[in-house]
Amino acid sequence: MHVLISYAEKKSTDGEEEKLSQECKELLLSLPKEKGWRTHHLYKYQGFWCQPREIQSIISFQKHFQASDTDVVLASIPKSGTTWLKALAFAIVNRKRFAISNINHPLLTSNPHDLVPFFEYKIYANNQLPDLSKLPEPRLFGTHIPFASLPNSIKKSSCRVVYISRNPFDTFISSWHFINKIKPRSIAPMSLDEAFEMYCKGVIGFGPFWEHMLGYWKESTDRPHKILFLKYEDMKEDISSCLKKLAEFMGFPFSLEEERGGIIEKIAKLCSFENMKDLEVNKSGKSIKNFENKNLFRKGDVGDWVNYLSPRQVEQLTKVVEEKLGGSGLSFKVFS
Ligand code: PAP
């Protein structure tokens with residue numbers, strides 16, 4: 001009875017929770033919650049913050065997904081360069097099927113999120129048991145879920161995981177811009193100062209950011225054949241070396257002949273920020289959950305945070321980063 005009353009009370013404030021299963025609604029009542037960035041609330045599920053609808057699809061994913069040894073999972077905390085990594089990985093593993101210079105290459109007409117679907121936003125969003133058997137091999141998937149919460153079949157099979165990380169200063173600024181562009185009208189705009197305080201407390205989708213990064217970082221140092229840990233800033237600085245590393249790790253190394261033919265430069269150009277931002281599909285199309293693709297391409301710079309954060313905020317976030325990541329061996333370049 002208590003559960004029913006509490007849910008009825010909550011329902012009036014949380015429209016986004018109405019479509020959830022009864023199991024999920026009841027689960028939400030037992031979880032810690034905070035004000036959300038673009039939903040009324042974020043809930044702490046298995047140690048990370050997420051939106052109500054994501055929890056339902058994450059539960060299905062955790063229960064039902066069966067990894068195959070050839071799968072590649074591309075993981076990140078939002079706004080770390082996921083779209084870029086998806087484009088690069090798709091171009092690499094499919095280069096025999098779709099020549100990079102082909103004027104009909106799928107990356108010219110589809111957003112990378114449609115070519116490499118997210119488990120939590122797409123595959124399990126409205127379907128507990130999607131049929132994934134017909135996807136071409138290697139299957140490429142995306143996720144923002146922390147390492148500890150991935151299904152066992154991903155952790156235990158020989159499938160590979162590529163993680164892209166980005167310095168927390170730029171990730172914060174990118175998240176703040178993105179959220180204010182895509183939030184529903186019913187949610188008030190979030191000021192930079194308010195978002196900043198939440199970010200420093202760890203309250204952001206899939207955060208705390210430090211736990212997200214450390215989960216994949218530790219696993220990548222323990223099992224380097226299983227997890228490749230990439231940094232956005234390294235990719236901006238030297239895309240060729242990163243592409244070689246990525247191709248080898250995924251089991252699709254470039255041959256000498258391919259390298260001599262300029263394949264690395266061609267992939268880098270096809271997936272570059274400038275090229276992708278100007279494509280019609282990324283200027284006017286929509287992908288995951290009906291989001292406008294144009295919001296996925298803002299500036300693509302390293303160090304844009306200097307234009308937004310006050311000296312006090314820089315000091316505060318520096319302290320958080322030092323306290324949480326110091327001693328882990330993980331560090332970031334924060335200036336361009
Ligand atoms: P997602 O988590 O919603 O998928 P994600 O792709 O991880 O977003 O991050 C978007 C950021 O990557 C944006 O950064 P900004 O806000 O600082 O500009 C976006 O501009 C940047 N980005 C998108 N595509 C590319 C690309 N091809 N090369 C470099 N950066 C990119």
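A single member of F209, F254, F291 is among the hydrophobic types (A, V, I, L, M, F, W, C) and touching an Asp or Glu at 6+ places or on another chain (Cβ under 9 Å), and it is F254. Among the residues of region 59-93, the ones that are assigned to a helix (DSSP H, G or I), closer than 24 Å to N293 by Cα and away from the ligand (no atom under 16 Å from the Cβ) come to 1 in all.
Per the conditions (1) surrounded by 23 or more Cβ atoms within 10 Å (Cβ to Cβ); (2) of a type in the set (K, R); (3) farther than 22 Å from I264 by Cα, the sole criterion not satisfied by K86 is (3).
Yes/no per residue for (1) of a type in the set (F, W, Y); (2) in contact (Cβ under 8 Å) with a residue 24 or more places away in the chain:
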{"site": "N104", "(1), (2)": "no, no"}
{"site": "Y121", "(1), (2)": "yes, yes"}
{"site": "P130", "(1), (2)": "no, no"}
{"site": "H144", "(1), (2)": "no, yes"}
{"site": "F147", "(1), (2)": "yes, yes"}
{"site": "P151", "(1), (2)": "no, yes"}
{"site": "V162", "(1), (2)": "no, yes"}
{"site": "F178", "(1), (2)": "yes, yes"}
{"site": "K183", "(1), (2)": "no, yes"}
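The residues of region 290-331 that are closer than 18 Å to E194 by Cα and in a loop (DSSP other than H, G, I, E, B), listed by number, are Y308, L309, S310. Can I154 be described as within 16 Å of the ligand (Cβ to nearest atom), within 19 Å of G251 (Cα to Cα) and either hydrophobic (A, V, I, L, M, F, W, C) or buried (at least 24 other Cβ atoms within 10 Å of the Cβ) (or both)? The answer is no for I154.
When G205 is tested against the conditions (1) of a type outside the set (D, E); (2) within 21 Å of Q62 (Cα to Cα); (3) away from the ligand (no atom under 16 Å from the Cβ), the lone failure is (3). What about K201, is it at pLDDT below 95 and among the charged types (D, E, K, R)? No. Can you say whether I100 is crowded, with 20+ Cβ neighbours inside 10 Å and in contact with a Lys or Arg (Cβ under 6 Å, 6 or more places away or on another chain), as far as the supplied structure shows? Considered against the rule, which asks whether it is crowded, with 20+ Cβ neighbours inside 10 Å and in contact with a Lys or Arg (Cβ under 6 Å, 6 or more places away or on another chain), I100 comes out as yes. Here Q128 meets the list (1) within 16 Å of the ligand (Cβ to nearest atom); (2) at pLDDT below 95 almost entirely, failing just condition (1). Within region 294-310, residues that are at positive phi sit with their Cβ atoms under 9 Å from residues that are part of a loop (DSSP other than H, G, I, E, B) and aliphatic (A, V, I, L, M), at 6+ positions apart or across chains, in these pairs: G303/V334.
As a summary of the residue check, Q56 satisfies the conditions (1) assigned to a helix (DSSP H, G or I); (2) without any contact (Cβ under 8 Å) to a residue 40 or more places away in the chain; (3) under 22 Å from F254 (Cβ atoms); (4) not β-branched (V, I, T) except for the one numbered (3). Any residue in region 61-79 that is among the charged types (D, E, K, R), crowded, with 21+ Cβ neighbours inside 10 Å and either free of Cβ contacts under 8 Å to residues at least 60 places away in the same chain or more than 29 Å from I187 (Cβ to Cβ) (or both)? Yes, the conditions are met somewhere in region 61-79. Filtered by the rule that a residue be among the aromatic types (F, W, Y) and either within 21 Å of Y163 (Cβ to Cβ) or touching a strand residue (DSSP E or B) at 6+ places or on another chain (Cβ under 8 Å) (or both), region 239-264 gives F249, F252. Under the condition of being within 21 Å of T82 (Cβ to Cβ) and more than 16 Å from the ligand (Cβ to nearest atom), which residue from region 285-330 is surrounded by the fewest Cβ atoms within 10 Å (Cβ to Cβ)? So, considering only residues that are within 21 Å of T82 (Cβ to Cβ) and more than 16 Å from the ligand (Cβ to nearest atom), the one surrounded by the fewest Cβ atoms within 10 Å (Cβ to Cβ) is L325.
The values are calculated or read from the model by the stated rules, or taken from the named source; none is laboratory data. Every value quoted in this text rests on a predicted model; they were computed, and no experiment measured them. Cβ: placed from backbone, ideal geometry, glycine included. Neighbour counts: every protein chain shown.
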